[in-house]
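Here the structure is laid out as structure tokens; the discussion comes afterwards.
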Amino acid sequence: MKLARMGDVAEIFFTLQGEGVSVGMPAVFVRLSLCNLHCVWCDTDHTWNFVGTPWVHEKDGLPGYQKHCKEEAIIEMGAAEVAEEVRKYECRHVVLTGGEPLLQEEGLGELIAELLKDGRDWFFEMETNGTRLPGDALMAAVGQFNVSPKLGNSGVAVNLREKPEVIRGLMEGGKAWFKFVVEKESDLAEVMALVERSQIPMDRVILMPEGRNVAEIDRVAPWLAEKCRDFGVRFSDRLHVRLWGDKRGV
Ligand code: SF4
């Protein structure tokens, strides 16, 4: 499996889920490398914005920001090795995240099978951008899909980011929640049009402010929270950013 590298180790860490329907839940995060989308505001750009790629990121213009060296940003591990790292924590709630984890479906299946060998009560959440439909085995093994379809504010072409058949398949699986990152009021119309087009039930919709620090989140959060109330959908904060800032491994 290709995991995001943090120094000499893989980005596997014990924290609180910071976003979405299970916000606040203690969980072991396993961050996989690679993504099939390249969102301009992505906060895990170390999983895909590699030297030599043409992708654009909003940090590109910042002093000191450089694209990541692929060899230094990825660590290769077998599923059994990853499972061993996960088991170091006294927590059976695992968040499989990325990047886009479903690019490594085979490895994920092996990891889940490896963890389940001990007969303990594991629960798996998977974070995905909603462009790839998991196979039956993963659909059965994962308890919750945190699906985050991307809007125009991601800078990604619509034919790459919007896959109605995948959204439909995830909805039919009955385990998916759909979280949208909102930056400005005009994003809301786009969300609601997508929700209607894809017939996503409103009680499965979550709106979350875009922002990599508290000031950015707070620029959006108050009015977005009011809109959530008025539309009757869930609001999600970015708890990990409030607690720990824009850091890796938290
Ligand atoms: S889909 Fe997610 S991980 Fe991939 S570039 Fe967009 S925000 Fe980042």
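The values are calculated or read from the model by the stated rules, or taken from the named source; none is laboratory data. Given the structure is predicted, the values throughout are model-derived calculations rather than measurements. For neighbour counting, all protein chains shown are included, and Cβ atoms are generated from backbone atoms with ideal geometry for every residue, glycine included. Areas reflect the complete protein model, heavy atoms only, side chains present, ligands, DNA and RNA absent. Shrake-Rupley method; radii C 1.70, N 1.55, O 1.52, S 1.80 Å.
Among the residues of the stretch 188-240, those that are touching a strand residue (DSSP E or B) at 6+ places or on another chain (Cβ under 8 Å) and β-branched (Val, Ile, Thr) comprise 191, 195, 200, 205, 206, 217, 220, 233.
Mind telling me which of the residues 143, 152, 174, 130 ends up being touching a Leu at 6+ places or on another chain (Cβ under 8 Å) and of a type outside the set (A, V, I, L, M, F, W, C)?
On the way: 143 fails: touching a Leu at 6+ places or on another chain (Cβ under 8 Å); 152 fails: touching a Leu at 6+ places or on another chain (Cβ under 8 Å); 174 fails: touching a Leu at 6+ places or on another chain (Cβ under 8 Å).
None of the others qualify; the one that does is 130.
Residues are listed down the side, and each one gets a yes or a no for (1) out of contact with any Phe, Trp or Tyr (no Cβ under 9 Å at 6 or more places or on another chain); (2) open to solvent by less than 50 Å² (accessible area, probe 1.4 Å); (3) away from the ligand (no atom under 12 Å from the Cβ):
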site: 1; (1), (2), (3): yes, yes, yes
site: 10; (1), (2), (3): yes, yes, yes
site: 18; (1), (2), (3): no, yes, yes
site: 39; (1), (2), (3): yes, yes, no
site: 58; (1), (2), (3): no, no, no
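Scan 72, 85, 106, 90 and give me the residue that is touching a residue at least 40 places away in the same chain (Cβ under 8 Å) and exposed (fewer than 14 other Cβ atoms within 10 Å of the Cβ).
Values: 85 fails: exposed (fewer than 14 other Cβ atoms within 10 Å of the Cβ); 106 fails: touching a residue at least 40 places away in the same chain (Cβ under 8 Å); 90 fails: touching a residue at least 40 places away in the same chain (Cβ under 8 Å).
Sole residue among the options that is touching a residue at least 40 places away in the same chain (Cβ under 8 Å) and exposed (fewer than 14 other Cβ atoms within 10 Å of the Cβ): 72.
Among residues of the stretch 41-61 that are in contact (Cβ under 8 Å) with a residue 24 or more places away in the chain, those with a beta-carbon under 7 Å from a residue that is open to solvent by 70 Å² or more (accessible area, probe 1.4 Å) at least six positions away or on a different chain give the pairs 41/58; 43/246; 48/55.
Scanning the stretch 41-56 for residues that are within 15 Å of the ligand (Cβ to nearest atom) and open to solvent by 50 Å² or more (accessible area, probe 1.4 Å), we see that the one that is farthest from residue 13 (Cα to Cα) is 54. Note on the stretch 232-241: residues that are touching a residue at least 40 places away in the same chain (Cβ under 8 Å) and out of contact with any Pro (no Cβ under 9 Å at 6 or more places or on another chain) amount to 4. Check the stretch 215-228 and report whether any residue there is open to solvent by 40 Å² or more (accessible area, probe 1.4 Å) and assigned to a loop (DSSP other than H, G, I, E, B). Among the residues of the stretch 215-228, not one is open to solvent by 40 Å² or more (accessible area, probe 1.4 Å) and assigned to a loop (DSSP other than H, G, I, E, B), which makes the answer no. In the stretch 154-176, the residue that is farthest from residue 20 (Cα to Cα) out of those that are touching a Ser or Thr at 6+ places or on another chain (Cβ under 9 Å) and open to solvent by 20 Å² or more (accessible area, probe 1.4 Å) is 160. Among the residues making up the stretch 60-93, those that are hydrophobic (A, V, I, L, M, F, W, C), at pLDDT 95 or above and away from the ligand (no atom under 16 Å from the Cβ) are 69, 75, 77, 79, 80, 82, 83, 86, 91. Is it fair to say residue 193 is part of a helix (DSSP H, G or I), open to solvent by 30 Å² or more (accessible area, probe 1.4 Å) and under 26 Å from residue 56 (Cβ atoms)? So residue 193 passes the test. Of all the residues in the stretch 1-23, those that are farther than 18 Å from residue 93 by Cα and not in a strand (DSSP E or B) number 3. Within the stretch 209-221, not a single residue is touching a Cys at 6+ places or on another chain (Cβ under 9 Å) and touching a residue at least 12 places away in the same chain (Cβ under 8 Å). Of the listed requirements (1) part of a loop (DSSP other than H, G, I, E, B); (2) among the hydrophobic types (A, V, I, L, M, F, W, C); (3) over 30 Å from residue 194 (Cα atoms), residue 156 misses just one: (3).
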